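Okay, structure first, notes after.
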Amino acid sequence: MIYSAPLGRILIHGDDCIFLYDLASRKVINEITLPEGTVVKQIQWNSSFSHFVVITQTSIMMLTKSFDVLNQQKESSKVKSGCFDENDSFIYSTSTHIKYMFASECKTTGTFKSIEQPVYVSFFMKNQVYSFTRQGEVDVTEVENTDYLFKMALQKKNLLEVKDILSQGNLCGHSIVSYLKDQGHAEIALFFE
């Protein structure tokens, strides 16, 4: 299968690998081996072509254009579709959830909301997910994005925004404390304990 890539290049999915091929020089530039039997459903680049996601039936892998793994997630239900947002995070849907994945070394993923019927995500802005239903109708789903915004602010080291979100009191629980400690922000985790 052949997929689009940055100017003058294409991505090719072979039997057990994906490789980036330069059309002008007629050479393979990068290559990554996939587990045997992996069927790639979709490959999608971000707007600047700096990284892309490989979507299989039950997993997502985010790679740089030099094929370094930024993030990956194995799902228990089928991955349906997704899109990049303005922060270069990947917003996607499974059969049962709408989720997100950050393009960073911290390998952060999270869940926006559970859904009753599968949707096919095509656009995300602020707290709204635009998607299509199985019947082909446009669906606009409002999601609670406080957790997403908090983790994004923390990733960007925007401590003023982190403080604002914490002062609203919408975040709670042991999972946020664990996340803060895992990300090396134990001093902020004290706010919850």
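The values are calculated or read from the model by the stated rules, or taken from the named source; none is laboratory data. Note that the structure is a prediction, hence the values are computed from the model and not measured. Heads up, the Cβs are rebuilt from the backbone with ideal geometry, glycines too, and the neighbour counts pull from every protein chain shown. Side chains are part of the model used for accessible areas, which takes the heavy atoms of the whole protein and leaves out ligands, DNA and RNA. Shrake-Rupley method; radii C 1.70, N 1.55, O 1.52, S 1.80 Å.
Keeping to the stretch 21-50, report how many residues are of a type in the set (A, V, I, L, M) and over 21 Å from the mean Cα position of the chain (by Cα).
Initially, the stretch 21-50 is screened for residues of a type in the set (A, V, I, L, M), giving 23-24, 28-29, 32, 34, 39-40, 43.
Restricting the remaining residues to those that are over 21 Å from the mean Cα position of the chain (by Cα) gives 23-24, 28-29.
Qualifying residue count, the stretch 21-50: 4.
Which residues, counting only those in the stretch 86-106, are in contact with a strand residue (DSSP E or B) (Cβ under 8 Å, 6 or more places away or on another chain), of a type outside the set (Ser, Thr, Tyr) and surrounded by fewer than 19 Cβ atoms within 10 Å (Cβ to Cβ)?
Of all residues in the stretch 86-106, those in contact with a strand residue (DSSP E or B) (Cβ under 8 Å, 6 or more places away or on another chain) come to 86, 88-105.
Checking which are of a type outside the set (Ser, Thr, Tyr) leaves us with 86, 88, 90-91, 97-99, 101-103, 105.
Of everything in the stretch 86-106, those that are in contact with a strand residue (DSSP E or B) (Cβ under 8 Å, 6 or more places away or on another chain), of a type outside the set (Ser, Thr, Tyr) and surrounded by fewer than 19 Cβ atoms within 10 Å (Cβ to Cβ) turn out to be Glu86, Asp88, His97, Glu105.
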Which is in contact with a Cys (Cβ under 9 Å, 6 or more places away or on another chain), open to solvent by 40 Å² or more (accessible area, probe 1.4 Å), charged (D, E, K, R) and more than 22 Å from Tyr100 (Cα to Cα), of Glu31, Glu36?
Glu31
Report whether or not Phe112 is hydrophobic (A, V, I, L, M, F, W, C) and part of a loop (DSSP other than H, G, I, E, B).
no
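If you check Phe150, Phe132, which single one turns out to be within 22 Å of the chain's Cα centre (by Cα) and touching a residue at least 24 places away in the same chain (Cβ under 8 Å)?
Numbers: Phe132 fails: touching a residue at least 24 places away in the same chain (Cβ under 8 Å).
One residue alone meets the criteria, Phe150.
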Tally the residues that are within 17 Å of Val69 (Cβ to Cβ) and among the hydroxyl-bearing types (Ser, Thr, Tyr), restricting the search to the stretch 17-37.
1
Residues within the stretch 57-79 that are of a type outside the set (Gly, Ala, Ser), part of a loop (DSSP other than H, G, I, E, B) and within 14 Å of Tyr92 (Cα to Cα), tallied
4
Pairs please, first residue from the stretch 164-193 and among the charged types (D, E, K, R), second anywhere and modelled with pLDDT under 80, Cβ atoms under 8 Å, 6+ apart in sequence or on different chains.
Lys181/Ala189; Glu193/Val177
Name every residue in the stretch 29-38 that is touching an Asp or Glu at 6+ places or on another chain (Cβ under 8 Å), in a strand (DSSP E or B) and either within 17 Å of Ile55 (Cα to Cα) or in contact (Cβ under 8 Å) with a residue 60 or more places away in the chain (or both), in order of residue number.
Thr33
Mind checking which residues of the stretch 10-28 are at pLDDT 95 or above and either open to solvent by 60 Å² or more (accessible area, probe 1.4 Å) or assigned to a loop (DSSP other than H, G, I, E, B) (or both)?
Leu23, Ala24, Ser25, Arg26, Lys27, Val28
